[in-house]
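A short worksheet on the structure shown next.
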Amino acid sequence: MPYNLLSKLINSMKFILLSVLISLLSCKKNDNTILSEQNNDRAFVNGKIYTVAQNQDWAEAMLIRDGIIVVIGTNSEVRNMTTENTEIIDLQNKMIMPGIHDVHVHPLEASSNNFQFTLDAKVTNAENYSYDIESAVNENIDSKWILGWGFDIHTLLDSSKTPVEILNDISTTKPIAIMEQTSHSIWVNSKALELAGINSNSTNPTGGIIMKDKNGEPNGLLIDNAGNLVIDLAISSIPNNEQNDFEGIINSALPELAKNGITSICDARTYWKRNHHLTWKRIQNEGKLTVRVNLGLWLYPTEDDDVQIKNLKSLYSFETSDLLKINQIKLYSDGIVVNTTSAMKNDYTINLFNLQTNNGINYVSQNRISNYISELEPVGFDFHIHSIGNRGVTEALNAIEQSGSSKGRHRLTHIEYVSPTDYSRFKLLNVTADAQVAGDFTKPSNWHENDDFVSISLNDNIIPVKSLNQANARITLSSDWDVSSLNPFIGIQNATTRAPQELTLKEAIKAYTINAAYVMRQEDKVGTLEVGKEADFIVLNQNIFKISPDEIGKTEVLQTYLQGKLIFEK
């Protein structure tokens, strides 16, 4: 048989086999997703396609059919598989890479209209906040509560007036609650304290601290979980709070995620008592979801464990065909360093709260974490554990080991302080180390900003991603939006320029793609660009492998595709 005829026959057989594969994969898709809106057939040619796949780093062309990657390779290989219905897109040498996974974001909290105003955390005089707060009170006369966000706790602590006095000068009849920029404390007036039932006789709740003045009266600062309880009360008073959440995600969060090339996320604090999970389900059911989402159901520290475990089990949902999955639990092992609430092995150098112990707090103790994992991992839940202090990290790892975890894909997030003796335990226990390096405070030049709180020597090695990577830990990078920038290219730039704890560019991209896909239990579908996988990818304005690392943060996403459909175009 002539060579040309044989070649055509082989290509025809390849096409038939791939068409059957695509048909089988497509029939699994949920009719409620955006996939039902189109039957696409696109070839992207003349590009620089970084696949993240083990067997093929780079390609120059890719063929997408019905949301599935059919061919990825050379221009000629792709053109040989096109049909008369194929749309040919000339990339003109632009770079393509897999869609970004951000496994720690707060999109609902970042976009909801339930918060009525924002303060500037850079203000240094707490009384200068008064104008914006008073304006919010006057502009929201019909609101039962006034809710804001954005102050810096140390600005309040440095004030000559107590926090409660500053707010009482504005109003003692309208309850006011303002969330700190980190979300780890709440600033309230006396009316808010009254409605929450907090007074001089109140004791600290689990995972929280009620700050008091020298006379034993609440001073208006509620630390960590003490503040969460007040926010729950405030939001429940808003008649349309769930609609506000829905509109915020649809109109703000989803477009912002797509703009930044983010095709998969983990909602890192889904308050199921506020029906956050139902808001996400509504978005999916109405066919408006433009991102893959794993919800991390919030573990309430003050709940009865048996009752909470029963409730959490009832909420589990993992349909492989759905974009939305409810399969993660978010809990806090500890607080944060600047509030002196992250769990440290040694005492803080200052004592803000005059507690009997001064080495941080636990939202959920090691034994309770272990119990929750033992009960919920068999259902299918993976745990997302906030652990910042070195004691908090050790105790979280201890809890996972103690639980007998064998099938979980658990991860510790933040990991700002990790004892070197714990580096190897991440690999040993199959625990992912999830780091946030997009914020300026994570740059080595700013590490010693914490010298006022912990031993100076500890601040020589904050967020040790290189050390963990060398210990063969699985690394993911995420934003903690809206605490830090959502832009993943700022995160990649910072990750590759933070010597002595830096990653290579390939390692940083892997952290934002296939490693994170593993965490979301979808590495078989996305995270790399390979034949048979779903087409989640982004087109960039520059090849980030060809520029200075200091320029990566300026990268722009030109197009974002989810399951082969264009969801954003610049």
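Annotations for the structure displayed:
- Segment 349-479 - percent of accessible surface contributed by carbon and sulfur, probe 1.4 Å: 46
- Overall, the chain carries a charge dipole of about 1800 debye about its Cα centre when +1 sits on the Cβ of Lys and Arg and -1 on the Cβ of Asp and Glu, all other atoms neutral.
- Neighbourhood net charge (15 Å Cβ-Cβ; Lys/Arg +1, Asp/Glu -1) for HIS386: -4
- Surface/4 estimate of mean projected area, convex hull on alpha-carbon atoms of the chain, nm²: 27.0
- Alpha-carbon Rg/Rh ratio, for segment 344-388, with Rh computed the Kirkwood way: 1.14
- Cβ-Cβ FRET estimate between VAL379 and THR504, R0 fixed at 56 Å, reported to 0.05: 0.90
- Dividing the Cα radius of gyration of segment 208-331 by its Kirkwood radius returns 1.04 for Rg/Rh.
- Portion, in percent, of the accessible area of segment 105-221 that falls on carbon or sulfur, probe 1.4 Å: 41
- If you take the alpha carbon atoms of segment 428-570 and fit the smallest convex hull around them, that volume is 133 Å³ per residue.
- Rounded to 10°, Cα long-axis angle of helix 225-236 versus longest principal axis of the chain: 80
- Between VAL123 and PHE318, the contour length at 0.36 nm per residue exceeds the alpha carbon distance by 65.7 nm.
- Rg to Rh, two decimals, where segment 503-550 supplies the alpha carbon set and Rh follows Kirkwood: 1.02
- Computed from Cα positions, the angle between helix 366-376 and the longest principal axis of the chain comes to roughly 40 degrees.
- Against the compact-protein benchmark of 2.2 N^0.38 Å, the Cα-based radius of gyration of segment 172-235 scales to 0.98.
- Dipole axis of the chain (+1 Lys, Arg; -1 Asp, Glu on Cβ), positive-most option in HIS410, ASN55, ALA473: ASN55
- For segment 135-245, the fraction of alpha-carbon pairs in successive 10 Å shells from zero, as %: 14, 50, 30, 5, 0
- Stretch gain in nm, segment SER135-GLU217, where the contour uses 0.36 nm per residue and the Cα spacing is subtracted: 26.8 nm
- The packing ranking, built from the mean of other Cβ atoms within 10 Å per residue, places the peptides 243-254, 467-478 in the order 467-478, 243-254, highest first.
- PHE353 - accessible surface, heavy atoms, 1.4 Å probe, Å² rounded to 10: 30
- Solvent exposure of the chain amounts to 40 Å² per residue of accessible area, where only protein heavy atoms count and the probe is 1.4 Å.
- Per-pair calculated FRET efficiency, R0 = 30 Å: ASP142 and PHE441 via Cβ, rounded to 0.05: 0.20
- Each of TRP58, TRP149 has its accessible area taken with a 1.4 Å probe; listed largest first, they run TRP58, TRP149.
- The spread of Cα positions in segment 345-437, taken along each principal axis and listed from longest to shortest, comes to 42, 26, 22 Å.
- In this view, the solvent-accessible surface of GLU416, computed with a 1.4 Å probe and all protein chains in place, comes to about 20 Å².
- Residue-averaged 222 nm ellipticity for the chain, from DSSP H runs of 4+ at -39500 (n - 2.57), nearest 500: -8500 deg cm²/dmol
- Heavy-atom accessible area, probed at 1.4 angstrom with all protein chains present, ranks PHE489, PHE545 as PHE545, PHE489, highest first.
- Accessible area of segment 485-565 belonging to carbon and sulfur atoms, whole % at 1.4 Å probe: 49
- In this structure, the amide hydrogen of HIS104, modeled 1.01 Å from its nitrogen in the peptide plane, lies closer than 5 angstrom to those of CYS266, SER479, ASP480, counting only residues at least 5 positions away or on a different chain.
- Note on surface exposure: ILE223, ILE238 rank ILE238, ILE223 by accessible area, highest first, 1.4 Å probe.
The values are calculated or read from the model by the stated rules, or taken from the named source; none is laboratory data. As the structure is a computational prediction, the values presented were derived from the model and not from experiment. Please note: Cβ atoms are built from the backbone with ideal geometry, for glycine as well, and neighbour counts cover all protein chains shown. Heavy atoms of the whole protein, side chains included, go into the accessibility calculation; ligands, DNA and RNA do not. Shrake-Rupley method; radii C 1.70, N 1.55, O 1.52, S 1.80 Å.
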